[in-house]
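Peer 1: Below is a structure I'd like to ask you about.
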Amino acid sequence: MHHRTSWLDPVFEGLSWIGGQGFVWLAIAAVLALLWRRPWLFFEVALADLAGQLISLGLKQGIGRERPNVAYAEPKPLVHAPHDGSFPSGHATVSFACATVLSLYVPRAAPAFFVLAAAIAWSRVYVGVHWPLDVLGGAVLGVLVATALLTLLEALRRSRRAPTAD
């Protein structure tokens with residue numbers, strides 16, 4: 001592809017790999033949860049990861065957009081190309097959902113979280129398994145998933161603290 005530079009291939013292949021299933025985000029959350037002794041932090045990131053994966057998978061199956069490697073024989077993808085639909089990117093959805101949750105708790109690291117999320121998302125275009133709109137849609141979806149999840153969790157916390165009328 002015209003957007004590839006051979007010396008960057010391993011970088012984007014690596015980013016694509018660490019973004020799979022959200023493992024990099026779970027690792028970051030696990031380290032922070034252990035260091036700060038806040039296990040709920042890991043739980044919230046894991047929920048964002050799971051919700052992002054399930055919602056993006058459901059949308060992929062419903063939308064069924066063809067992947068670039070199916071639409072064009074060349075260039076070949078640099079990584080294994082999934083057989084499900086292309087829109088939205090699951091890597092982008094999960095990365096932006098997890099980055100959003102982590103940014104709430106570590107605001108100083110928010111730029112780094114979102115740069116990593118964007119790099120993982122772009123890696124899917126670079127390696128040839130997603131269109132740019134797939135990762136843009138996944139990024140927006142990820143932020144929406146995290147925002148909805150955080151809103152729901154805050155409402156649950158408030159309802160637990162609310163005094164009961166006896």
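The values are calculated or read from the model by the stated rules, or taken from the named source; none is laboratory data. Source: prediction; values computed, not measured. Reconstructed Cβ throughout: ideal geometry from the backbone, glycine too, with neighbour counts over all protein chains shown. Accessible surface areas use protein heavy atoms only, side chains included; no ligands, DNA or RNA. Shrake-Rupley method; radii C 1.70, N 1.55, O 1.52, S 1.80 Å.
Peer 1: Is region 92-139 best put as rounded, prolate or oblate by its Cα gyration tensor, with a ≥ b ≥ c the root eigenvalues, rounded for a/c under 1.5, and otherwise prolate when a/b is larger than b/c, oblate when not?
Peer 2: Details: a/c = 3.55, a/b = 2.26, b/c = 1.57.
Prolate.
Peer 1: Using only the alpha carbon atoms of region 114-166, find the Kirkwood hydrodynamic radius as the inverse mean reciprocal pair distance, in angstroms to one decimal.
Peer 2: For region 114-166, inverting the mean 1/r across all distinct Cα pairs yields 13.4 Å.
Peer 1: Same structure again: Give, in nm to one decimal, the length gained when the segment between Leu8 and Glu154 is fully stretched (0.36 nm per residue of separation minus the Cα-Cα distance).
Peer 2: In short, 48.4 nm is gained.
Peer 1: Multiply the residue gap between Val115 and Arg161 by 0.36 nm, knock off their C-alpha separation, and tell me the result in nm, one decimal place.
Peer 2: Full extension of this stretch gives 13.0 nm more.
Peer 1: Based on the Cα gyration tensor of the chain, what are the three equivalent ellipsoid semi-axes, each the root of five times an eigenvalue, rounded to whole Å and given largest first? Intermediate values should be presented prior to the final figure.
Peer 2: Values: eigenvalues 215, 65, 24 Å².
Its equivalent ellipsoid spans semi-axes of 33, 18, 11 Å.
Peer 1: Still on this structure, please answer the following. Sticking with the crude label model, points 7 Å out along Cα→Cβ, report the distance from Arg37 to Val140 in nm, one decimal please.
Peer 2: Reported label-point gap for Arg37 and Val140 is 4.4 nm.
Peer 1: Could you give the longest part of the chain that holds none of the trypsin sites (Lys or Arg not before Pro) found in DSSP loops with at most 14 neighbouring Cβ atoms within 10 Å?
Peer 2: 38-166
Peer 1: Based on DSSP H assignment, which helices of the chain show an axial Cα extent of at least 18 Å together with a mean Kyte-Doolittle hydropathy greater than or equal to -1.0?
Peer 2: 23-36, 39-63, 90-105, 110-126, 132-161
Peer 1: Sorting Ile63, Ile120 by accessible area (1.4 Å probe), largest first, what list results?
Peer 2: The ranking, largest first, comes out as Ile63, Ile120.
Peer 1: To continue, here is another question. Quick check on packing: order 132-143, 91-102 by the mean number of other C-beta atoms within 10 Å, highest mean leading.
Peer 2: 91-102, 132-143
Peer 1: Which value results when the Cα radius of gyration for region 1-60 is divided by 2.2 N^0.38 Å?
Peer 2: Relative to the 2.2 N^0.38 Å estimate, region 1-60 comes out at 1.46.
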